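Below: one structure, written as structure tokens.
The values are calculated or read from the model by the stated rules, or taken from the named source; none is laboratory data. Just so we're clear, the structure is a prediction, and the values are computed from it rather than from any experiment. Cβ atoms come from the backbone with ideal geometry, glycine included; neighbour counts cover every protein chain shown. The accessibility values were calculated without ligands, DNA or RNA, using every heavy atom of the protein model including side chains. Shrake-Rupley method; radii C 1.70, N 1.55, O 1.52, S 1.80 Å.
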Amino acid sequence: MLKVYVCRGKDCKKHSDTRKIGALLDSEGTSWVRVRCQKICKAPVVGISHDGSVEWYAKLRGKEGRQRLLKLLRDRKAKKLKGHRIKKRSGKLR
């Protein structure tokens, strides 16, 4: 089962796409949790956990970013989100 984390840090909270991602997750029936700032500061920031490891994605801006996130959640394929992945935060949750 996937767990989705959405950063609620100062920069992410200000970004309108963060609210749109939350609405998208709600409309898909995906449970998600707001977490404290992940110190990535490239809003909006979303973490996806499965099999005990968290992968972080940043700059999920605009409709295209949200659609890529949706595809990852539906198909479990992160190919199109590869450029958004933050490797230094891989496996970590603050």
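Details
- The set of residues in segment 44-80 that are within 24 Å of K10 (Cβ to Cβ) and either β-branched (V, I, T) or in a helix (DSSP H, G or I) (or both) comprises V45, V46, I48, V54, G62, G65, R66, L69.
- Every listed requirement among (1) surrounded by 13 or more Cβ atoms within 10 Å (Cβ to Cβ); (2) out of contact with any His (no Cβ under 6 Å at 6 or more places or on another chain); (3) within 20 Å of R89 (Cα to Cα) is met by R36 save one, (1).
- Cross-chain or 6+ apart pairs with Cβ under 8 Å, segment 1-15 first and closer than 11 Å to R36 by Cα, then in a strand (DSSP E or B) and open to solvent by 20 Å² or more (accessible area, probe 1.4 Å): Y5/W32; Y5/V33; Y5/R34; V6/W32; V6/V33; V6/R34; C7/R34; R8/R34
- Subset tally (residues that are under 11 Å from the mean Cα position of the chain (by Cα) and surrounded by 13 or more Cβ atoms within 10 Å (Cβ to Cβ)) for segment 18-33: 5
- Filter result (touching a strand residue (DSSP E or B) at 6+ places or on another chain (Cβ under 9 Å) and basic (K, R)) within segment 1-48: K3, R8, K13, R34, R36, K42
- For D75: the one exception among (1) in contact (Cβ under 8 Å) with a residue 40 or more places away in the chain; (2) within 18 Å of L24 (Cα to Cα): (1)
- Out of E28, E64, E55, sole residue that is among the acidic types (D, E) and under 11 Å from I86 (Cβ atoms): E55
- S90 vs. criteria touching a residue at least 12 places away in the same chain (Cβ under 8 Å) and in contact with an Asp or Glu (Cβ under 8 Å, 6 or more places away or on another chain): yes
Yes or no, residue by residue, for (1) farther than 17 Å from L2 by Cα; (2) loosely packed, with under 13 Cβ neighbours inside 10 Å:
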| position | (1), (2) |
| --- | --- |
| E55 | no, no |
| K59 | yes, no |
| K63 | yes, yes |
| K71 | no, no |
| R74 | no, yes |
| K82 | yes, yes |
| R89 | yes, no |
| L93 | no, no |
